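Working notes, structure below.
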Amino acid sequence: MISSQFYELRLYQVERGRMPDMVARRKDALQTLFQRHGIAPLGNWYTSMGRNSPFFVYLMRWPDWETRQKAWAGFYSDPEWWAARESTNAGSELVERYELNFLKEIHPWVAHPDVSRLTLELHITKIDIGRSAAAEALVKNDLNTRLATHGGQVLGAFEYLTGDDLPRAALFVGWDNATQAEVMQHLLETAPLNRSDRYRLTHIPL
């Protein structure tokens, strides 16, 4: 059990062609249900580029395990969720599969004041074996400085506590434009950070 603050990252692989339905579900039924049960994502996005896209992506911060369990238990026992799920599926599942993992903070989440103007990316990055501490130091002390000179900014960085292929990290990065995002990818694959699964994110305003 996790006793202190942690993060939860959810990636839902959505049936092709049905991302508008998933976005509508989030904006309508889920907004009310999340507020009712104390679920407050830091961000809601969908991926327009990346392996196995499209994904719908949530990032949440929890003060402790008990709070998280209580919130999701209330949500999944709410009959309105099951009614909303059935109506928004509309005869076939919106979600083909999902990944749910827990993370610890490396770089605190930054609520950017004008996120809509940024080119947003999520990098799920391998960390060289035995070098998690060095990767954390790189992200905390150097990475933002390197990115800033090329129009980039770390919006949040987290190390995976669960899942396969550990150690790895989730890096949320904002760029001034798509060209810089393309040209400067090597900055995010500097040892002890290794190659990453890279996703282009579209922010969903609520």
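Of note:
- When you restrict to C-alpha pairs under 8 Å that are six or more residues apart and normalise by the size of segment 1-94, the relative contact order lands at 41 percent.
- Gaussian network model of the chain, Cα within-10 Å springs - most flexible of LYS104, LYS126, LYS70: LYS70
- Value of relative contact order over the chain, rounded to a whole percent, pairs C-alpha under 8 Å and six or more apart: 28
- Taking 0.36 nm per residue of separation and subtracting the current Cα-Cα distance, fully stretching the chain between GLU86 and ASP176 would add 28.4 nm.
- Leading residue at positive end of dipole, the chain (Cβ point charges), from ALA135, LEU161, LEU33: LEU33
- Mean projection of the Cα convex hull over all viewing directions, computed for segment 22-104: 6.1 nm².
- Counting only Cβ charges, +1 for Lys and Arg and -1 for Asp and Glu, the dipole size of the chain around its Cα centre is about 140 debye.
- The P(r) of the chain has a tail past 30 Å containing 22 percent of all C-alpha pairs.
- For the chain, calculated [θ]222 nm from helices alone, where every DSSP H run of n ≥ 4 adds -39500 (n - 2.57): -7000 deg cm²/dmol
- A Förster distance of 25 Å, applied to the separation of the beta-carbon atoms of GLN153 and THR67, puts the FRET efficiency at 0.30.
- Rounded to whole Å, the principal axis extents of the Cα atoms in segment 159-206 read 31, 30, 12, largest first.
- Along the axis of the charge dipole computed for the chain (Cβ charges of +1 for Lys and Arg, -1 for Asp and Glu, origin at the Cα centre), the listed residues LEU187, SER53, ASN177 are led at the positive end by ASN177.
- Under 13 Å from the Cα of LYS70 - aspartates and glutamates, other chains or at least 8 residues apart: ASP78
- The Cα center of segment 123-148 and the Cα center of segment 25-88 differ in position by 29 Å.
- Orientation-averaged projected area, Cα convex hull of segment 105-206 (nm²): 6.4
- Nearby lysines by direct alpha-carbon distance to LYS126 (threshold 21 angstrom, same-chain neighbours under 8 apart not counted): LYS104, LYS140
- Whole-Hz Karplus values for segment 79-91 come out as x, 5, 5, 5, 5, 5, 4, 5, 5, 7, 5, 6, x Hz, taken residue by residue from phi with 6.51 cos²θ - 1.76 cosθ + 1.60 and θ = phi - 60°; glycine and proline positions read x.
Computed from the coordinates by the stated procedures, all read-outs in this text should not be read as laboratory data. Note that the structure is a prediction, hence the values are computed from the model and not measured. Every residue, glycine among them, receives a Cβ derived from its backbone with ideal geometry; neighbour counts consider all protein chains shown.
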